[in-house]
Amino acid sequence: MKITIAKSSGYCFGVRDAVNLAYDAAEKHGEVYMLGDIVHNENVVKDLEEAGAKVVDKLDDIPKDKPVLLRAHGTIQDTWKNAKKKNLNIIDATCPLVHEIHREVKMLEDEGRKIVIIGDHGHDEVMAIADQVKNPTIISTKEEVSLLKRTRKIGVVSQSTQMIENVQEIINALMVRIVDIRFINTICFPTKRNHEQIKDLAKTSDLMIIIGSFTSANSKRLTELAKQRNENTFQVTCASDLKIEWFENIKSVGISAGASTPDYLIKGVENRINEIKETLN
Ligand code: SF4
């Protein structure tokens, strides 16, 4: 049985840097606080908590002498302002590519365009992008395009982890209704690379395993992407979710993981598959 792990699987550089910053800050200051989970992965959050990186609901819950870490996918402006007002030590772990989306969406608004953000409703990254401009419309599927009020000029950006196919469908639907559209493709390059590798691997493998939390929209998207090309696709959170019967009569296994899946979980899955391989031999 051949096992292939997609090169871009797992942490993107933005998440990796944010997690490392959280560990460093916890070590330096004893504790560091975050407003919500740093990544959508229960194992990572638990490990960080043990190291002193704690999750709180509001800035008021942070002790005055401890730093606050603002997460990779961006933060609404009020939180920035309030953290400064409270004189908290702010550690900015915002991914540079998210900062870039913020700049671009503001530039589109400055051109006098009504802003459309293609992304998941309620997702932290999408809310932080939306907060940069006045009254943007968030669209997650092509069906939602009909909710957009008639307008002449729009500027469109997307959440960094969107699937290009979904974005294309939405842009096509927008073109039917709007005359003047300027679209900046803000899907980030680690996401594009990861998606392309999954598409290729799913077509050439007998079985696809996607590792990621079921609470991560990004990981669910990867599973969907693989499943569209290979019905024999399963999502797991860690090695213990693997079932021996999935591997019977399988000659090639492709593995990928969401941007919030740490390396040790990927390694654990690989090791478990090697054990299963031995059992089946
Ligand atoms: S998914 Fe892309 S934009 Fe988001 S943190 Fe990772 S590299 Fe940055």
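A few comments on the model shown:
- Every test in (1) free of Cβ contacts under 8 Å to residues at least 12 places away in the same chain; (2) more than 29 Å from Asn166 (Cβ to Cβ) is passed by Asp57 save one, and that test is (1).
- Selected residue (only one of Thr161, Thr186 is modelled with pLDDT of 95 or more, within 13 Å of the ligand (Cβ to nearest atom) and among the β-branched types (Val, Ile, Thr)): Thr186
- Selected residue [among the β-branched types (Val, Ile, Thr), assigned to a helix (DSSP H, G or I) and surrounded by 14 or more Cβ atoms within 10 Å (Cβ to Cβ)] from Val176, Val157, Val133, Val145: Val145
- Single residue of the stretch 57-89 satisfying the filter (basic (Lys, Arg) and either closer than 19 Å to His29 by Cβ or under 26 Å from the mean Cα position of the chain (by Cα) (or both)) that is farthest from the ligand (Cβ to nearest atom): Lys64
- Tally of residues being in contact (Cβ under 8 Å) with a residue 60 or more places away in the chain and either charged (D, E, K, R) or at positive phi (or both) across the stretch 123-173: 1
- Criterion violated by Thr215 - all others in (1) closer than 23 Å to Asn281 by Cα; (2) surrounded by fewer than 22 Cβ atoms within 10 Å (Cβ to Cβ) satisfied: (1)
- Looking across the stretch 106-122, just one residue is touching a residue at least 60 places away in the same chain (Cβ under 8 Å) and within 14 Å of the ligand (Cβ to nearest atom), and that is Asp120.
- Restricted to the stretch 182-259, the set of strands (runs of 3 or more DSSP E) holding at least 2 residues that are of a type in the set (Gly, Ala, Ser) and not assigned by TED's automatic domain parsing to the domain that holds Glu42 comprises 252-257.
The values are calculated or read from the model by the stated rules, or taken from the named source; none is laboratory data. Everything quoted here is computed from the prediction, not taken from an experiment. As a convention, Cβ positions derive from the backbone with ideal geometry for all residues, glycine included, and neighbour counts pool all protein chains shown.
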